[in-house]
């Protein structure tokens, strides 16, 4: 039946159908289709939809997306296997190139000037799309990454299968922007293993340290501290082979977070201060802000509210001076906890509201979740039950949209 349907469509539509059978993932944008060699894309896509072979897909990001029906996808892949191997490999090469560069641009928009091992993408963002940009701004870039999440995982696996090792680890490094911001932590562990193997194949100890640290961070957030410790121990063994001082800093930072999870507050602060010194030595302003924020977290966890505020205020000044806007909601969130510890509830609420507003504006849903949780707790302390209930309801809706469990009744 499908053979007869495909036989009746125009040649350029048939080629697009077979192209969709080659591409990794489950959906495709018109920009990806053009980047991988499709011609007359809009016309061909319209014919696939009218022939009931494909459907348009709703997504929160900007590009127009399509997917083949499940049976049609299997049929398209079967037809694609009959095509020459060199042609299929060429299409996959173009797809990996497209996603590698697009993910790198998205990462830059989300995290600004954070430390990266990979060079900037050779192609500007404007060259990856025919009409409007793939994404504009931090929130838009995160939405694009999230909409492409399944495709990107397929792309990483495709690059690994073809032994395109540099593409594997570059994609993994860029995807930290998505995994960390939207908490797709199991995905981070799965693709991170491929990143580690790619670094080993390429004899890149610096990259292996970075990949192991990302897996360790994901394991830490999943509550698997033993796994995180094991990854960090392997990364630390390689530090003598890497000249970049910030790699020591990222390992010390993650060790500090694990110490904080184990309520070893003084040890955590010392590790964060070592990471801070490594970033000051470069100097790396973003790294200085991040590690100052971490020092503030450790001080708050240890009940040292006033010193924490001093550190956090200095970090916020650097963030504003350097345009490091994504860090400001994080800093405000910890400031709110310090102010609450001092009993200054009005100032704590103001800081938590600023954190929630800032996180929502740039799509940091995990931090928005934390800010709402804190606001509900502060409202409960102030005996403002209607306000607490409103925050809990917002939090419930947010967690439902993120696929997370709702907050327990009465806990805020």
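The values are calculated or read from the model by the stated rules, or taken from the named source; none is laboratory data. Just so it is clear, the structure is predicted and the values come from calculations on it, not from any experiment. FYI the Cβ positions are ideal-geometry reconstructions off the backbone, even for glycines, and counts take in every protein chain you see.
For this structure, a couple of remarks:
- Counted residues, segment 71-82 - those being touching a helix residue (DSSP H, G or I) at 6+ places or on another chain (Cβ under 7 Å) and part of a loop (DSSP other than H, G, I, E, B): 0
- Given (1) in contact (Cβ under 8 Å) with a residue 40 or more places away in the chain; (2) more than 15 Å from residue 30 (Cβ to Cβ); (3) touching a helix residue (DSSP H, G or I) at 6+ places or on another chain (Cβ under 9 Å); (4) assigned by TED's automatic domain parsing to the domain that holds residue 182, index of the condition residue 128 fails: (2)
- Filter result for residue 214 (assigned to a helix (DSSP H, G or I), surrounded by fewer than 19 Cβ atoms within 10 Å (Cβ to Cβ) and at pLDDT 95 or above): no
- Summed over segment 134-145, residues that are part of a loop (DSSP other than H, G, I, E, B) and either surrounded by fewer than 17 Cβ atoms within 10 Å (Cβ to Cβ) or under 16 Å from the mean Cα position of the chain (by Cα) (or both) total 2.
- Count of segment 1-40 residues which are out of contact with any helix residue (DSSP H, G or I) (no Cβ under 7 Å at 6 or more places or on another chain) and crowded, with 22+ Cβ neighbours inside 10 Å: 1
- Against the test of being within 27 Å of residue 140 (Cβ to Cβ), buried (at least 17 other Cβ atoms within 10 Å of the Cβ) and free of Cβ contacts under 8 Å to residues at least 12 places away in the same chain, the options 360, 315, 319 yield a single qualifying residue, 360.
- Any hit, segment 259-268, residues being without any contact (Cβ under 8 Å) to a residue 12 or more places away in the chain and either touching a helix residue (DSSP H, G or I) at 6+ places or on another chain (Cβ under 6 Å) or not in a loop (DSSP other than H, G, I, E, B) (or both): yes
- Elements of type helices (runs of 4 or more DSSP H) in segment 1-70, at least 3 residues being farther than 20 Å from residue 144 by Cα and at pLDDT below 90: 2-8
- Scanning segment 175-204 for residues that are more than 19 Å from residue 235 (Cβ to Cβ) and outside any loop (DSSP other than H, G, I, E, B) returns 177, 178, 181, 182, 186, 187.
- Residue satisfying condition, being surrounded by fewer than 19 Cβ atoms within 10 Å (Cβ to Cβ), in contact with a helix residue (DSSP H, G or I) (Cβ under 9 Å, 6 or more places away or on another chain) and either under 26 Å from residue 243 (Cα atoms) or assigned by TED's automatic domain parsing to the domain that holds residue 223 (or both), within set 123, 170, 100: 123
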